[in-house]
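What follows is a set of notes on a single structure, which appears directly below.
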Amino acid sequence: MCEKLKINTAQLIIAMTAVCLLFAAAGCTAKLEQLQAGSSLKGEGAVAEAPDAETVQEEALQTQPEAFGPKTNAEPETSANSELVGSWRAYSEAIFYDAGGNDWLDTPSTRRLELKGNGRWEFGSSTGTWETAPVTENDWLKWEVESYGPTRKIVLNNWNKGVADGPVEESGGRIDFIWVIYHADPPLVSYPGQVQIKFGHA
């Protein structure tokens with residue numbers, strides 16, 4: 001009887017060991033299948049391949065923030081009249097009377113025509129705006145001067161309560177003289193006539 005019990009106990013132990021081994025084998029197989037299926041904590045699906053270095057670099061460049069401010073290599077614009085900005089002094093001043101004849105006028109040597117970069121001019125206590133424009137055939141007729149080469153003129157608005165203009169004399173890429181021509185009446189002058197002032201660099 002005791003021997004049969006020992007045999008049965010041994011057989012039971014062997015059987016239980018076999019069952020445990022079967023369960024262990026089944027668990028390993030399930031884990032292996034799970035890994036092969038590519039499941040993860042974020043959900044089931046195929047396992048993603050690791051990106052290569054080139055792909056990572058391209059994505060990094062695409063996601064970099066753009067530089068602040070406008071993208072431009074343009075140089076600041078400069079005014080075509082910048083060479084006129086500055087101080088100019090009167091070299092000569094003459095009047096050509098409407099009735100005929102002409103005369104020289106006295107111009108204070110300390111008086112300067114100031115052309116500002118903001119488009120303003122000053123001459124003593126007088127002030128206004130200035131600009132340049134192409135010389136036309138009508139300009140030569142108005143000035144009563146034959147065309148001798150200048151292609152630009154300076155225009156001074158509010159000069160003597162009107163508009164004065166005159167040719168801009170240029171040579172070698174620089175401005176030599178500018179003329180201010182306008183009509184004047186008494187009491188500014190003795191008799192009505194056209195005043196011509198020649199300005200040079202101060």
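What follows is calculated from the coordinates using simple rules that are stated; it is not laboratory data. Quantities reported herein were computed from a predicted structural model and do not represent experimental measurements. Quick reminder, even Gly has a Cβ in these numbers, built from the backbone with ideal geometry, and neighbours come from all protein chains shown.
Residues in the range 143-177 that are surrounded by fewer than 14 Cβ atoms within 10 Å (Cβ to Cβ) and either among the aliphatic types (A, V, I, L, M) or at positive phi (or both): Glu144, Gly149, Lys161, Val163, Gly172, Gly173.
Do we find that Trp140 is out of contact with any Ser or Thr (no Cβ under 6 Å at 6 or more places or on another chain), under 14 Å from Gln196 (Cα atoms) and surrounded by 13 or more Cβ atoms within 10 Å (Cβ to Cβ) in this structure? Answer is no for this residue. Restricting the range 130-175 to residues that are of a type in the set (Lys, Arg) and within 22 Å of Pro186 (Cα to Cα), the residue that is farthest from the chain's Cα centre (by Cα) is Lys142.
The residues in the range 112-153 that are without any contact (Cβ under 8 Å) to a residue 40 or more places away in the chain and in a loop (DSSP other than H, G, I, E, B) can be counted, and the count is 15. Filtering Leu156, Leu188 for residues that are in a loop (DSSP other than H, G, I, E, B) and among the hydrophobic types (A, V, I, L, M, F, W, C) leaves a single hit, Leu188.
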